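First up is the structure itself, then whatever we jot down about it.
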Amino acid sequence: MNTISSDHNHDGGGSPLQLLDSFGRVHNNLRISVTDRCNIRCFYCMPADNVEFMPKEELLSFEEIERVVRIGTTLGIDRVRLTGGEPLVRRDLPKLVEKLSAVPGIVDIGITTNGVLLSEQASALRDAGLQRLNISLDALDPEVFKKVTRRDSYDKVIEGIAAARAAGFSPIKLNAVSVKGMTEDQIIPFAELARETDTEVRFIEFMPLDADSQWQRDKVLFAADIVAILENRFGPLTPVPARNPNAPANDFQFADGRGRIGLIASVSQPFCSSCNRFRLTAEGKLRNCLFSHEETDVRGFLRGEGTDEQIAEAMLSCIASKREGHEINTARFIQPDRPMYSIGG
């Protein structure tokens with residue numbers, strides 16, 4: 001395998017090369033989809049039935065993923081997050097976590113999971129070096145959960161959350177997609193959970209990435225509406241300074257200091273100007289934005305005679321071509337052909 005020489009990651013002036021776009025945003029956070037398969041069928045992500053998944057031989061191997069990450073660290077990547085589909089359906093996932101945690105320069109490894117298989121894997125993932133996990137859970141009512149996911153797995157998710165807590169993950173972070181006419185009555189129960197436990201709930205505005213292209217703006221339960229519901233019940237919310245200036249969530253504490261919640265206002269208050277993330281799909285395509293219409297293939301380099309330098313150059317050019325924002329709020333917006341499960345969350 002070709003390796004990047006020690007001076008490859010410096011330009012002629014001696015400063016490190018960065019994954020820098022034309023708007024001055026530096027990218028150090030790579031989200032890696034390990035599969036497009038999933039064991040639930042959330043309506044905002046996947047069709048209910050007859051989903052065509054990629055042939056398994058098209059998915060990047062753990063060794064190929066590790067190589068991309070190693071090359072990325074020479075360009076400033078220091079954080080990775082594993083996604084899907086549902087990443088825990090990928091066999092032996094703790095082995096990948098172990099590989100990535102051993103890569104020099106990687107300081108943070110996270111996973112976004114629906115939690116269905118977490119009770120069986122939480123300890124192994126923690127032992128392998130996983131530092132953070134986010135659990136996608138849109139409802140604390142089993143019936144609403146079933147309506148969103150079109151599967152009956154609520155109890156498994158609750159078991160998974162308990163197993164994650166027992167394995168030492170803290171705080172437990174829950175991601176809840178908020179949909180008008182469906183999840184309003186879940187907001188207060190989630191807030192109570194955040195106030196009573198070490199759970200940080202992040203409400204996410206419903207985004208146009210559904211497989212059936214049924215998204216409409218009037219189905220979005222906006223962050224401002226969620227704040228109004230919470231403040232009506234608990235009193236004023238106090239903004240909390242972000243731990244990470246590039247984080248997509250605006251965090252708040254309750255007035256009495258008990259509990260913390262976050263709001264990811266992807267539609268009503270886009271955070272594109274501070275975005276430091278890009279994506280590697282399960283079959284080896286780089287995407288510089290969740291809503292991108294262009295992709296950069298690196299699997300061809302990985303499986304051919306491609307050098308590390310060529311892969312690094314592919315990353316640099318992918319980021320250089322990133323647009324200013326996703327344009328959801330303009331007439332120019334066109335929903336990507338690939339739904340969320342196929343891109344990687």
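Rule-based calculations on the coordinates, nothing more; no lab input. These numbers come from a predicted model, not from an experiment. FYI the Cβ positions are ideal-geometry reconstructions off the backbone, even for glycines, and counts take in every protein chain you see.
The residues packed around Thr73, meaning those with a beta-carbon under 14 Å from its beta-carbon, carry a net charge of 0 if Lys and Arg are +1 and Asp and Glu are -1. Here each label is just a point 7 Å from Cα along the line to Cβ, and for Gln253 and Arg165 those points are 2.1 nm apart.
Net charge of the neighbourhood of His27, taken over other residues with C-beta under 9 Å away and scored Lys/Arg +1, Asp/Glu -1, is +2. The dipole here belongs to the chain: it is taken about the Cα centre, uses +1 on the Cβ of Lys and Arg and -1 on the Cβ of Asp and Glu, and is about 320 debye.
Along the axis of the charge dipole computed for the chain (Cβ charges of +1 for Lys and Arg, -1 for Asp and Glu, origin at the Cα centre), the listed residues Gly115, Leu302, Phe234 are led at the positive end by Phe234.
Ordering Phe53, Phe190 from the fewest to the most neighbouring beta carbons within 10 Å gives Phe53, Phe190. Taken over the chain, the ratio of Cα radius of gyration to 2.2 N^0.38 Å equals 0.98.
Among beta bridges from DSSP that stay inside the stretch 29-343, the antiparallel ones total about 30%.
Other residues within the sphere of radius under 12 Å centred on the Cβ of Asp141, judged by their own Cβ, net out at -2 (K and R +1, D and E -1). Label sites at Lys95 and Lys219, each approximated as a point 7 angstrom past Cα along Cα to Cβ, lie 3.9 nm apart. Using a simple spin-label model with pseudo-atoms 7 Å out from Cα toward Cβ, Arg243 and Arg323 lie 3.3 nm apart. Between Glu143 and Ser22, full extension at 0.36 nm per residue minus the direct alpha carbon distance yields a gain of 38.9 nm.
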